[in-house]
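Below you'll find the structure, written out as structure tokens, and then a few comments.
What follows is calculated from the coordinates using simple rules that are stated; it is not laboratory data. Since we're looking at a predicted model, the values are computed, not measured. Every residue, glycine as well, gets a Cβ built from its backbone with ideal geometry; the counts of neighbours run over all protein chains shown.
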Amino acid sequence: GYMELIQKTGDYLKTLTGFQHISFQPNSGATGEYAGLLCIKKYHEENGDAQRKICLIPKSAHGTNFASAAIANLDVKVFEDSLLNDLSEFNQYLSAFQDKLACLMITYPNTNGVFQRDINLITKAVHENGGLVYMDGANMNALVGIFQPGKVGFDVCHLNIHKTFCIPHGGGGPGLGPILCNNKLQPYLPFPSN
């Protein structure tokens, strides 16, 4: 019964996000971030790009993003959100990192409630520079049913089940931060996964 419940919930979450794979291993959003970033690191290492350690994070990102990237031993570079509003300027910024870019870690919509325009072009630019894109799903409650991160170029995200889907949380209550990803990162998911 438990396995059926987990399987069906995973299938629903994959449909909602547009991703193909999920792991329920992380027990919070923060551990989801950490697990997702480790998947990105392992992906680069296995593809002969161990030098890719720069994690770009806009200033408006969810507060745990900076800590998770640091704990994952990534080199955190913080930038102004306004950079995301000018694609040519953003592309120029990305090119400065050349073969050291690991990922862009972005909260979408951001902590201020802003949906970056052209998010699909932002993710495309990161990919063109050899990086991957992590979406912090802390604000996914604003997107459920209208937006699938897996369809616009995000490679991995976590969901705060205790926020977006309203299970009891706080005061020591349960939390859950599963991560979802595309085929590229599936081999690096923590087990169990599906």
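With a Förster radius of 30 Å, plug the Cβ-Cβ distance of Gln98 and Asn73 into 1/(1 + (r/R0)^6) and report the FRET value to the nearest 0.05.
0.90
Please give, to one decimal in nm, the separation of the simple spin-label points placed at Thr15 and Phe165, each 7 Å out from Cα toward the Cβ.
1.2
If you average the alpha carbon positions of the stretch 114-154 and of the stretch 20-67, how far apart do those two centres end up, in angstrom?
14
Nearest 500 deg cm²/dmol is fine: what mean residue ellipticity at 222 nm does the chain get from its DSSP H runs of n ≥ 4 alone, each adding -39,500 (n - 2.57), divided by its residue count?
Helix-only estimate at 222 nm: -10000 deg cm²/dmol.
Taking the simple approach of a point 7 Å from Cα along Cα-to-Cβ for both Ile6 and Lys184, what is their distance in nm?
Inter-label distance under the simple model: 2.8 nm.
What are the ³J(HN,Hα) values, in whole Hz, obtained from phi via the Karplus relation 6.51 cos²θ - 1.76 cosθ + 1.60 with θ = phi - 60°, for each residue of the stretch 107-113 in sequence order, with x given for Gly and Pro?
8, 9, x, 6, 4, 8, x
Residue by residue through the stretch 125-138, what is 3J(HN,Hα) from phi via Karplus (6.51 cos²θ - 1.76 cosθ + 1.60, θ = phi - 60°)? Round to whole Hz and write x for glycine and proline.
Result, ordered by residue: 5, 5, 4, 5, 9, x, x, 10, 10, 9, 9, 6, x, 4 Hz.
Over the chain, what is the mean sequence separation of C-alpha contacts under 8 Å (at least six apart), divided by residue count, expressed as relative contact order in percent?
Relative contact order for the chain comes out at 33 percent.
Hey, can you rank 52-63, 2-13, 82-93 by average C-beta count inside 10 Å, highest first?
52-63, 82-93, 2-13
Take every Cα pair under 8 Å in the stretch 68-134 that's 6+ residues apart, average their separations, divide by the length, and report that relative contact order as a whole percent.
33
Give me the dipole magnitude in Debye, nearest 20, for the stretch 1-109 about the Cα centre, with unit charges on the beta carbon: positive for Lys and Arg, negative for Asp and Glu.
Result for the stretch 1-109 is approximately 200 debye, rounded to the nearest 20.
Find how much the distance from Glu128 to Lys151 grows on full extension, using 0.36 nm per residue of separation minus their present alpha carbon separation; answer in nm with one decimal.
Residue separation times 0.36 nm, minus the Cα-Cα distance, leaves 6.6 nm.
Place a +1 charge on the Cβ of each Lys and Arg in the chain and a -1 charge on the Cβ of each Asp and Glu, then give the dipole magnitude about the Cα centre in debye, rounded to the nearest 20.
260
Sequence-distant or interchain residues sharing an amide H contact under 5 Å with Ile179, placed H: which?
Ser23, Gln25
Read phi for every residue in the stretch 44-57 and hand back ³J(HN,Hα) as whole Hz from Karplus 6.51 cos²θ - 1.76 cosθ + 1.60, θ = phi - 60°, with x for Gly and Pro.
Values per residue, Gly and Pro as x: 5, 4, 5, 9, x, 10, 4, 6, 6, 10, 8, 10, 8, 9 Hz.
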